[in-house]
Amino acid sequence: MKSRTVLITGGAGYIGSHACLELLQADFNVVVVDNLSNSKLESLTRVQQITGKTLTFYQADIRDKAALSDIFAKEKPSTVIHFAGLKAVGESVEQPLLYYHNNVFGTLVLTEVMDEAEVRQLVFSSSATVYGESDSPQYTEDFPLGAINPYGRSKAMIEDILRDLSIADKNKPHKTPWKIALLRYFNPIGAHESGLIGEDPNGIPNNLMPYVSQVAIGKLEQLSVFGDDYPTRDGTGVRDYIHVVDLVKGHLKAIEALNSDIFSSGSCKAYNLGTGQGYSVLEIINTFESVTGKTINYKISPRRSGDLAECFANPNLALKELNWQVEKNLKDMIADTWNWQTKNPQGYN
Ligand code: NAD
Ligand code: WQD
């Protein structure tokens, strides 16, 4: 029988910790490799506390080939979910080499080790940020790619590398063929309903939802709404926010699909993970206020460079092929964000 061990790179992070929780609850053995560059081990302590199950943790950098090879030899996973990566768009513009080294070179080392260990099932954390400008705000997987910053380009490059790997396999098949799911996340927010794990950004958050919740709790004074003159229903930017628990459930569905006829030998397929529904910044603020009873102090500021007016997923392919769809609505996402924020005003500290 195939091993039920899933190796998770970046498993101590925001999305990774929620994935560990769902996998443990689904009776997988979970092995985490994380260098803790943007996370705390406490997240995994809490995952074990919530589930009453244990996982195996290695503090290692995915670029350390020797360490990674040893872990694969010891743990013999059947599948890898690859979350490890740096993700701050602004930082990637300032330090492109850091981003390409960590994200692209890190993935090269990981896939070399996987190839040598004959572990060729991979679920990769891609992003809606790989898409280029388009005429329609609703993105399907076949839209042209065209990331506009080093972070996004690192994801697009990794997608290319993984596609090439699967093409090589089609031409010269392995006994254990490559099967790769590229999951393009839209805007993950929210937290596990326990309020014990959640997003714990370093310093001042870049993303809207953690910023709003830190204003609500009094850590930050005022939210800047970046632009109110976009061609959207109220002039502010529209995005597809998705509950992190729905998002990680998509990864379990992807693992099922990798082991089914959906993925033939040597296939690499991309799936949007979003709700299909967009909300504007002002709609987020208003819903946050009505769910939490807090008032959000905000001002309208100039547009942030690089932002699109509107972007949301067409999630039909993930429904059709992965049998995945979201269960939680915007109110759930906000209630769970607030539950985490109020229970952990200083994050994991
Ligand atoms: P996160 O920073 O919370 O988690 C990433 C984890 O990877 C951290 O625990 C970090 O310590 C670890 N890591 C980074 N580089 C590493 C390395 N070289 N070796 C070992 N571990 C390393 O981020 P997240 O929000 O959980 O995102 C997870 C993945 O999803 C990332 O690849 C990110 O690019 C992608 N993604 C995130 C979003 C989002 O908005 N959060 C959207 C789309 C895609
Ligand atoms: C959402 C909306 C802002 C902050 C980013 C990355 C993307 C992906 C997800 C990883 C926009 C507005 C924001 C603020 C605001 N990450 N906003 N004031 O830009 O859609 O995507 O995170 O892959 O790569 O680019 O998300 O949360 O930053 O912004 O008005 O203080 O909120 O202009 O309309 P974005 P976001």
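The values are calculated or read from the model by the stated rules, or taken from the named source; none is laboratory data. Note that the structure is predicted; figures quoted are calculated from it, not measured. Ideal geometry is used to build each Cβ from the backbone, glycine not excepted, and the neighbour counts take in all protein chains shown.
Residues satisfying the criterion are absent from region 42-62 (criterion: closer than 24 Å to Arg184 by Cβ, more than 16 Å from ligand 2 (Cβ to nearest atom) and surrounded by fewer than 24 Cβ atoms within 10 Å (Cβ to Cβ)).
All conditions but one from (1) within 30 Å of Arg304 (Cβ to Cβ); (2) touching a residue at least 12 places away in the same chain (Cβ under 8 Å) apply to Val109; the one that does not is (1). Against the numbered list (1) surrounded by fewer than 23 Cβ atoms within 10 Å (Cβ to Cβ); (2) in contact (Cβ under 8 Å) with a residue 60 or more places away in the chain; (3) closer than 18 Å to Ile296 by Cβ; (4) in contact with a Leu (Cβ under 8 Å, 6 or more places away or on another chain), Leu252 comes up short only at (3). Among the residues of region 1-22, those identified as touching a Leu at 6+ places or on another chain (Cβ under 7 Å) and either more than 9 Å from ligand 1 (Cβ to nearest atom) or over 22 Å from Glu118 (Cα atoms) (or both) are Val6, Ala12, Ile15, Ser17, Cys20, Glu22. For region 72-85, filtered to residues that are surrounded by fewer than 20 Cβ atoms within 10 Å (Cβ to Cβ), touching a residue at least 40 places away in the same chain (Cβ under 8 Å) and not small (Gly, Ala, Ser), the residue that is nearest to Glu118 (Cα to Cα) is Lys76. When Ile204 is tested against (1) away from ligand 1 (no atom under 16 Å from the Cβ); (2) surrounded by fewer than 21 Cβ atoms within 10 Å (Cβ to Cβ); (3) of a type in the set (Val, Ile, Thr); (4) part of a loop (DSSP other than H, G, I, E, B), only condition (1) is not met. Among residues of region 197-218 that are modelled with pLDDT of 95 or more, those with a beta-carbon under 8 Å from a residue that is polar (S, T, N, Q) and assigned to a loop (DSSP other than H, G, I, E, B) at least six positions away or on a different chain give the pairs Gly198/Asn344; Asp200/Ser39; Asp200/Asn344; Val215/Gln222; Val215/Asn297. The single residue among Asp169, Asp229 that is acidic (Asp, Glu) and part of a loop (DSSP other than H, G, I, E, B) turns out to be Asp229.
Condition check ((1) hydrophobic (A, V, I, L, M, F, W, C); (2) more than 14 Å from ligand 1 (Cβ to nearest atom); (3) more than 30 Å from Ala147 (Cα to Cα)) across all residues:
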{"position": "Ser37", "(1), (2), (3)": "no, no, no"}
{"position": "Tyr58", "(1), (2), (3)": "no, no, yes"}
{"position": "Ile62", "(1), (2), (3)": "yes, no, no"}
{"position": "Glu75", "(1), (2), (3)": "no, yes, yes"}
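Could you grab the pairs with beta carbons closer than 9 Å, sequence gap of 6+ or different chains, first residue in region 54-69 and part of a helix (DSSP H, G or I), second one of a type in the set (Gly, Ala, Ser)? Qualifying pairs under 9 Å: Ala67/Ala60; Leu68/Ala60; Ser69/Ala117. In this structure, does Gly198 turn out to be within 16 Å of ligand 2 (Cβ to nearest atom), crowded, with 16+ Cβ neighbours inside 10 Å and of a type in the set (Gly, Ala, Ser)? The answer is yes for Gly198. Taking region 160-184 as the range and being buried (at least 21 other Cβ atoms within 10 Å of the Cβ) and within 16 Å of ligand 1 (Cβ to nearest atom) as the test, the residues that pass are Leu162, Ile180, Ala181, Leu182, Leu183, Arg184. Taking region 207-226, which residues are away from ligand 2 (no atom under 12 Å from the Cβ) and outside any loop (DSSP other than H, G, I, E, B)? Correct list: Ala216 only.
Considered as a group, the residues in region 63-90 that are within 21 Å of Phe186 (Cβ to Cβ) and not β-branched (Val, Ile, Thr) include one that is nearest to ligand 2 (Cβ to nearest atom), and that residue is Lys87.
Taking the criterion of being in contact with a Phe, Trp or Tyr (Cβ under 8 Å, 6 or more places away or on another chain), away from ligand 1 (no atom under 16 Å from the Cβ) and part of a loop (DSSP other than H, G, I, E, B), would at least one residue in region 327-348 satisfy it? No, region 327-348 contains no residue that is in contact with a Phe, Trp or Tyr (Cβ under 8 Å, 6 or more places away or on another chain), away from ligand 1 (no atom under 16 Å from the Cβ) and part of a loop (DSSP other than H, G, I, E, B).
Show the residue pairs meeting these rules: Cβ distance below 9 Å; 6+ apart or different chains; first residue within region 151-177 and more than 24 Å from Leu97 (Cβ to Cβ); second residue acidic (Asp, Glu) and at pLDDT 95 or above. The qualifying pairs are His174/Asp115; His174/Glu118; Lys175/Glu118; Thr176/Glu118. If you go through region 78-98 one residue at a time, do you hit one that is closer than 14 Å to Val32 by Cα, more than 11 Å from ligand 1 (Cβ to nearest atom), of a type in the set (A, V, I, L, M) and within 17 Å of the chain's Cα centre (by Cα)? Within region 78-98, one or more residues are closer than 14 Å to Val32 by Cα, more than 11 Å from ligand 1 (Cβ to nearest atom), of a type in the set (A, V, I, L, M) and within 17 Å of the chain's Cα centre (by Cα).
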